[in-house]
Structures are given as structure tokens and as C-alpha cells.
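To keep things clear, I will list the structure first and then write my remarks on it.
Any read-out appearing in this document is the output of simple, stated calculations on the displayed coordinates, not a laboratory observation. Model, not experiment: these values are computed from the prediction. Note that each Cβ is placed from the backbone with ideal geometry, even for glycine, and that neighbours are counted across all protein chains shown.
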Amino acid sequence: MASGVKPRVKVPKSAAAGSAITIKTLISHKMESGRRKDADGNLIPRSIINRFTAEFNGQSVIEVMMEPSISTNPFFEFDATVPEAGEFKFTWYDDDGDVYEATKPIAMA
Amino acid sequence: MELTRRNALAIGAGAFAATILPIQAFAAADEAIAAFTGGADVGEGGITLTSPEIAENGNTVPVAVDAPGAVSIVLLAAGNPDPAVATANFGPLSAAQKVSMRIRLAGSQDIVAVAKMADGSFVKTANPIKVTIGGCGG
């Protein structure tokens, strides 16, 4: 599923050095579980995003492995420490090999 | 139907199978936990699972896991066709070892969270959720 996938990320514009911030991410994706059937009774093949990572200036914040039990349009909320000004990089890995990326800069307050 | 010895045995066998089936569903979750812990003892406490008591729509059930000091968390839905839901690994810049996500549940069941702590120990917690409409299609 390479069409209509749109990552959305909410990161504060600035933060104090060393403080913790909350990040929310959402990506539109149908997350086909591989267990549903179409109108003719054929199984719809699995097509999900199986991995999500969040990094800040190359250092890992969180990594999530996803299974078909994750909802449509996977949403994550987590906390990150911001030691300095820089850039968050969010990456989603699709079953079909596609990689979706989003970046958000953050400044020091 | 006449109640013969053969029929009585058949009914008994059916009842036995009905009681053992849910145990098999839990066995799949137990296997998933064992695969994560490597067979180590799993303690209680130090991990919080926040979930609704009743989820009207099993397609998106919001859950949050909070395990201070954890390096990774596994979330399992014991009553789903495939119990594994997600595995979260926390990196050095993770401010708090907690994560919220939305999951699918096939029906009313217990969801289980297991956390691996920084010292190598494991803790787990479970929450029952009632699901009005299951979220696995079919």
C-alpha cells in the first residue's frame, strides 16, 4: 500500500535542554490483518506496517515492532528527552518494503 | 436421543473439549511470554497497564503501558487469533518508559503486558477488557 499513507507527528517547537517532551505520531494506513475476507470469500493478504522507530540526532528514543493486532492508522504516544537542539526522525517500515519518514526540528527554549 | 452409555460419553467428551479450548488460547499467550523472557521467572508490580473496562469497538482500543526502568515491553492479547500485539524497545533518549497505542481485540479477553527491566528481570500485568464488537473481521 503505497498510496494515501501520510505520517503526522506532533512535537513541541521548542523545549528546555534535558527536559522531557511528549510526542504523538499517527500514520494513515489500513493495516490489513490478513484474516479478513473480501465479498467473494477470498482472504485479503496481510499488509501492515511492521516496525516504527523514533530517533533524535541519530540516538534511539523508541522502537516498536507491530503485529496485525495493531489498529488501522497506527497511533503512538511516548516521552522523549531532549538534550540539545536538533531533529527528530520518525520512520515506519511497511510489509511491502516501503519506508515512510517524517522529521521534526526542535529548538532550545 | 436416548441416553445410552455411548451418548453420555460423547457429551462428556464435548464438555471436556469446551473447557480445554480457552486454556489453549492462553497457552499461545504463555508461549509468547516464554519466548520473550526465555523461561525466566516473571514477577508482579512495577508495571501499569491502562485500558478501558469496556471497549465498544474492538477495532481501536486505546491502551497505555507504563513500566519505569524497563528496556522493552511486550503487549499480548490472549484472546486474539494471534496473541502478539506489539513489542516496544526503549532507547537511551526515552524520557519515561511508557507508550500508548491503539489495538484490535477479537472479543472480550485479558490483555497482558510483560516488561523486561534494566537488571534483566521480568514483570507482567494483565487487564480484562469487555469488547462489544470484535475487531478482527471475518
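A few points about this structure:
- Local electrostatic count, residue A:14, Cβ distance below 15 Å [Lys/Arg +1, Asp/Glu -1]: +1
- Taking one quarter of the surface of the convex hull spanned by the alpha-carbon atoms of segment B:25-138 gives a direction-averaged projected area of 6.7 nm².
- Between amide H atoms placed 1.01 Å from N, distances below 5 Å from residue A:75 occur with B:102, all of them 5 or more places distant or on a separate chain.
- Spin-label proximity, residue A:108 to segment A:5-23 - amide N less than 13 Å from point 7 Å beyond Cα toward beta carbon: A:15-19
- Measuring max minus min along each principal axis, the C-alpha atoms of chain A give extents of 58, 21, 18 Å (largest first).
- For the segment A:77-86, counting C-beta atoms of other chains within 10 Å of every residue's C-beta and taking the mean gives 4.
- Volume in Å³ per residue [convex hull over Cα atoms, computed for segment B:24-82]: 114
- Beta bridges per DSSP, both residues in the protein assembly as shown: antiparallel share near 90 percent.
- Cα centroid separation - segment A:70-85 against segment B:50-87, whole Å: 16
- Cβ-Cβ distance of residue A:17 and residue A:73, R₀ of 30 Å, FRET efficiency by 1/(1 + (r/R0)^6): the value works out to about 0.35.
- Value in Å of the Kirkwood radius, where segment A:56-97 supplies the Cα pairs that are averaged: 12.6
- Distant-in-sequence amide contacts of residue B:79, defined by a placed amide H-H separation under 5 Å and a gap of 5 or more residues or a different chain, comprise B:110.
- For a modelled paramagnetic label at residue B:31, 7 Å from Cα along Cα-to-Cβ, the residues of segment A:30-53 in reach, with backbone nitrogen under 20 Å, are A:34-35.
- Against the rule of thumb 2.2 N^0.38 Å, how large the Cα Rg of the protein assembly as shown comes out: 1.17
- If R0 is taken as 25 Å, the Cβ-Cβ distance between residue B:57 and residue A:42 corresponds to a FRET efficiency of 0.50.
- Listed cross-link partners A:89/B:98; A:104/B:124; A:30/B:124; B:98/B:124; A:13/A:89; A:6/A:89 are compared with a 24 Å cut-off, the Cα-Cα value being larger for A:104/B:124; A:30/B:124.
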